[in-house]
Every structure is written in structure tokens, then in C-alpha cells.
1. Any chance the stretch 456-465 includes a residue that's among the charged types (D, E, K, R), away from the ligand (no atom under 14 Å from the Cβ) and modelled with pLDDT of 95 or more?
2. Restricting to the stretch 486-526, count the residues that are assigned to a strand (DSSP E or B) and in contact with a strand residue (DSSP E or B) (Cβ under 7 Å, 6 or more places away or on another chain).
3. Which of the residues spanning the stretch 138-158 are closer than 17 Å to Lys187 by Cβ and either touching a Gly at 6+ places or on another chain (Cβ under 8 Å) or buried (at least 24 other Cβ atoms within 10 Å of the Cβ) (or both)?
4. Listed residues Gly313, Gly274, Gly267; which is crowded, with 23+ Cβ neighbours inside 10 Å, out of contact with any Pro (no Cβ under 9 Å at 6 or more places or on another chain), part of a helix (DSSP H, G or I) and touching a residue at least 60 places away in the same chain (Cβ under 8 Å)?
5. Sort out which residues of the stretch 26-46 are of a type outside the set (A, V, I, L, M) and under 25 Å from the mean Cα position of the chain (by Cα), and write them in order of number.
6. I need the full set of residues from the stretch 394-407 which are free of Cβ contacts under 8 Å to residues at least 40 places away in the same chain and more than 17 Å from Ser373 (Cα to Cα), in order please.
7. Within the stretch 557-577, does at least one residue satisfy the condition of being crowded, with 19+ Cβ neighbours inside 10 Å, within 12 Å of the ligand (Cβ to nearest atom) and at pLDDT 95 or above?
8. I'm told Thr528 meets every condition in (1) within 19 Å of Phe154 (Cα to Cα); (2) away from the ligand (no atom under 16 Å from the Cβ); (3) in contact with a Leu (Cβ under 7 Å, 6 or more places away or on another chain) except one. Can you identify the failing condition by its number?
Amino acid sequence: MSYPFQITSLEQYHKDYKRSVDEPEAFWASVAENFQWRKKWDKVLEWNFSEPKVEWFKGGKLNITENCIDRHLKTMGEKPAIIWEPNNPEERVRTVTYNRLHKRVCQVAQMLKNNGVKKGDRVCIYMGMVPELAYAVLGCARIGAIHSVIFGGFSAQSIADRLDDAKAEYIITCDGAYRGGKDIPLKSVIDDALIGNKTVKKVIVYTRTRTPVSMIKGRDVWWEDEMDIAEEQIEKNGVVSFPAEEMDAEDPLFILYTSGSTGKPKGVVHSSGGYMVWTTYTFVNVFQYKPGQIHFCTADVGWITGHSYIVYGPLSAGATSLMFEGIPTWPDAGRFWDIVDKHKVDILYTAPTAIRSLMGFGLEPLKGKDLSSLKILGTVGEPINEEAWHWYDENVGKKKCPIVDTWWQTETGGALITNLAGVTAAKPSWATLPMPGVQPILVDEKGNEITEKDENGLLKGNLCIKAPWPSILRTTYGDHERCRTNYFATYENLYFTGDGALKDENGNYRITGRVDDVLNVSGHRIGTAEVENAINMHAGVVESAVVGYPHDIKGQGIYAYVIYNGHHGDEELRRKDILQTVTRIIGPIARPDKIQFVNGLPKTRSGKIMRRILRKIAEGEVSNLGDTTTLLDPGVVEEIKNGKL
Ligand code: WTA
């Protein structure tokens, strides 16, 4: 496969960037022409940010799975689409060719149809990192059902909330999942999530760990049985087929829940056409993908990175995507390097938190591992500190591999600000330049563009984007007004990212982190309000306030200040009880690292918690707390400072 839209020189980057801004419709039409459309679009772009309304390639008809699979069959049918590396290195690797992927996806689509799933229905997917997860996602897309993948680290309560919000009628899950030395009983979590649920009709269970599960008659069915039935239906005289549903470019492809600064998680909705174009375009350009290369993205498909750069982007580009079931530190901290060596990986895309955690094991785990196949390295999910960047560069890339620092969000669908490997320059800890079609702007609190440089000669402000790119979120499921107020109402006519950034004289951007009440813990987005709500559910807790603090490995840790008036157990036990509660309400990923019991929280006279002060204390900056005179009771600050953990 060739990629006519691949940017191969710095000059071309500047030229394409300029054209994408001057003539966005003509530019994106020329990119979109390289995909398979059943019918061409009527209009390339229609938009306003006030509603917001964004439509790309409207009237265009397609099915994303025909682009990810069918169009490759003639020339690449026997080429590997997915290479699956199991959790246990002793277990057999599975190589899934495009032909095989086609068959499995057709089977899943048929299985879903047999179970009553139709275009537009919401299917919740809660599985481990097995190839069947990719088949499930693509099978939904093939019949036009909207998938909502939920990461395996979320609790039954979190799943229940998401099922309700999406009014999901179907679930695809596994009996269990392997993660390092642990088995996670996914089906039993689903069973808990379904207590009281009124919408779910069917649960399809794939067998991975063969852990005992309760299968409820009439509701729960085994994946294997259903796939066998489907196999007979899709194959006639050795020819496999399942007609893909015709989708409008603007029909929703999936929902993915993500945390914001307030309330419960929002269901970010992505479209079919724009998302396909953007994920493919960015995959090919950011990683400078060459046909035949093996791309290893270490994310989980439960997060946006896995959706865009394990499944949709690479497959649409006809790439080989390596899918890994395990964790970087099991059976030992050399796991990534073994995988790179064993499969001769060309591109490695991971998170700064993984790099920092592996740095902690020193160079021993890298010894004897042949990493010479690596050509390009990437990071995503959080700002990368220079120390980690250089460690990655020297010890993994051996100073020969460009590192791309890709900044983006669940809401953006794919990378927006990033260098292009070997084409535009890298700058350690800087995401650098916007992709064609992306027009960033830094603004102050009032929305005025920042024009004054700071003492280091940099512009510093809140990061917004001026115009839509093809894979911007379209809405938040079931509540469009929420989408408007969250992203488009802070500043008029701008998409607000929630991040702060710096800009240098060459137009490079450095993302400094969230400026709202959202934490980034090990690359996972967690709202402080969500964690507080969970802590407050615990009997005995009167009130709590949650802030982030710098954490060597996780990037940010969770620090909770808790007012407690119960009488059960000592402090340590109470802490454990609270952790247990958070695990139940949200999941283990949201467990606070530190819980400090306090008698009061610093509040203004109007009752607002002064988080700025709590953040400073958690960060250890106790000497310079700023103005505390507006506090109702300045005395509580002293007490909190003295009790700091
Ligand atoms: C942060 C993950 C700095 C940022 C794809 C953003 C980054 C949030 C980078 C989105 C990066 C992501 N440099 N910060 N390269 N990439 N972020 O929705 O704060 O899980 O707003 O999407 O992660 O997290 P999300």
C-alpha cells in the first residue's frame, strides 16, 4: 500500500500545513480520496463551535471495516494484520492475517446480528487484551453498532453508570483476563454491574482464563458457541462474506467515556468518516510508517490510544499491529525488550509512566536484548520529563531513533501536536508542531490571545484550537449541551483542551499539564471530583478534597484530605476502608496514594474549598501558600501543614 498523503520532508510539512489552513476543504478532500467510499461526500466541512456542530464528509457513505480490512485483501490477504503477544511468554503467539481478520470480523458481525444487534445499538465491550477484543470492536463497526469499550480497571459501579448512560443493550466480555501475575474476573464484575440494570439483553462471554462463571439462561451466551453458528452462515463454498452496513460519514462509530473536571464521566462520541481519515493520516505521518513494518503500541484498547493506534489507524493503513496482553514488568522488567527482540518491532509507542517505571530497574533488563530493529519511538498520555526522554533515546533508541512526543486527547481522536518522525525536529519534552489542519492558540483566563513573552521568552497560556480537524468529538452521548459547556463555552469560538502550554519562537508547543481539576495518573485521566464523590460515599467520611502531586513514576499521584467522624478502627484501617470504597465505586486506578485525615478544609467565606492551597501543601511547597486572608478559618491551614504526609 502506498500513502500519497505521507509528508516526507520539512518543506512539504510547511506546504501541507499552509494549504490545510488556507484551503481546508480542498486539502482534506485530497486526503480522503485515498479511502474507500461507497459514495462520495456532498460537502467536505460544515461547522460552527457555538452549538457546536461539526460535519466532515457529510453525505459520504462508507464502512470503516472495509477500509481497515476488505480493501487490503487482494494485495495483502496473507500479511499479518495483528500479531498477538500473550501475557505469559511461554504461551503461543497468534498471528492474524488480513484474511483471517476478515473472517473473524464477519463472524462477529453475524454473531451480533444473530443476537439481535442492529445499526445504532450500543454494545459495551469489557475484555482483556486478546485479539477477540479487536474482532469485537470491528464486528460492531461492521454492522454499524456503536461500541463503548470499558477499560478492565474499572469497577462494577463504573460499568453500571456507563451502561445506563449509553442505554447499552449488549455486552461482550471475557470470563477473565490475565494481567501480569494476576487473573481478573471480568465476567463476575459484569454480573455485579448488571444488578439492577434494565437495558442489557445479552452478554457474550469469550473464554480466556476459564475461571468459573455464572451463565444466566436466556441472557448469557458463550462466544465460542455463537461464533461456531456464525461461521456456518458466513462461509459459502469457501468464500467468506458479511455485507458491511453502509454508514454516513457522520454516523457515530463509538463512545468512549472519559473523566472531566465535574461530575460523572462523559461519553465522547466519534464519527465514522472523519475519525477514519484522521487516525490513518496521523498514523502514517507521525510514525512515518512504511509497509511491512511492525508497530507496537503498548496501550490498552480500553483507552483512546488503543482505539486509534492499535486498531483503526494501523489497520486502515494496512499495517501490522502488535497487540500485547501483559504488563511491562512481568515476568520481569525486560518484557518490552523481549517483545521488540522476538518480533523485530520497528515502531514502539508507549507512555512516559512506563518509561519511568522501567528506568527504575536500571539497565540490567536491557542486557542481551537486540533492539536494532527499532526505527521510531513514540510517547503519549502525559508530559515526558527530559530525564525519561534521554533515557529512552540513549538506551532504547540507541540515539538512532527519532522520538515522537504526541499530544492529544480522547476528544481529539488522534494526535494533534507532535513531531513527525525524522521529518520535523524533536525537542525533548516538547510536543513541538501542530499537524496539518490543527490551529492551536494560547489564551489567558478571559480568552484573549497571549502575545507577551514570559521571562524565558516563551508564550504561556491555556491551549485552545481554533477550527475543527476531522476527528474532533461530535458530542457527548445523550447530552449535547454538556459537550458545549465542557469544551466550547469557556472561550467563544474555540475548542478548549483543558491543558496549559508554552510556545517558543519557532512555533513549538510544550504541554505543561491540565489546568482544570483533572489528574493524569500513570497516563490515566481521573477527575478529582469523581474521586471525592467516591471517598464521600464511605460511611464516616464527612467531606474530602482531592488534589494531584508530583509522583516520580506515575507523573501525578492522588492526595486526599479527608474529614472523618467515624469510630471504626485505627487510622491505617480507616485508610484501607476508604481505599476499598474507591476501588468499589471507580476502580483500582483511582485509589489515592495518600490520605491525610484533617479536622477542617480551607474554605472561602462562600464555602468554596481553596484547592490551590491544598495543592501547594501536597506538593510540599508549604512556605509559600499565597494569600490565605480570605479564608473562613486560616487556622486549618496550619493544622493541615503540620499533618502533611
Ligand atoms: C495529556 C490520551 C503532554 C494531556 C491520548 C491531555 C499529554 C490528556 C500528552 C488526555 C503529551 C496526552 N504531552 N500531555 N504528549 N498526551 N497528554 O484523554 O493533559 O487519556 O489533555 O488521551 O493527557 O488524556 P486522554
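1. Yes, the stretch 456-465 contains a residue that is among the charged types (D, E, K, R), away from the ligand (no atom under 14 Å from the Cβ) and modelled with pLDDT of 95 or more.
2. 21
3. Val149, Ile150, Phe151, Gly152, Gly153, Phe154, Ser155, Ser158
4. When all the criteria are applied, what remains is Gly313.
5. Let us first name the residues in the stretch 26-46 that are of a type outside the set (A, V, I, L, M), namely 27-28, 30, 33-43, 46.
Within the stretch 26-46, Trp28, Phe35 qualify.
6. Listed by number, the list holds a single entry, Asp405.
7. no
8. Unmet for Thr528, out of (1) within 19 Å of Phe154 (Cα to Cα); (2) away from the ligand (no atom under 16 Å from the Cβ); (3) in contact with a Leu (Cβ under 7 Å, 6 or more places away or on another chain): (2).
The values are calculated or read from the model by the stated rules, or taken from the named source; none is laboratory data. Because the structure is predicted, anything quoted here is derived from the model rather than measured. In this analysis, Cβ positions are derived from the backbone assuming ideal geometry, glycine residues included, and neighbour counts consider all displayed protein chains.
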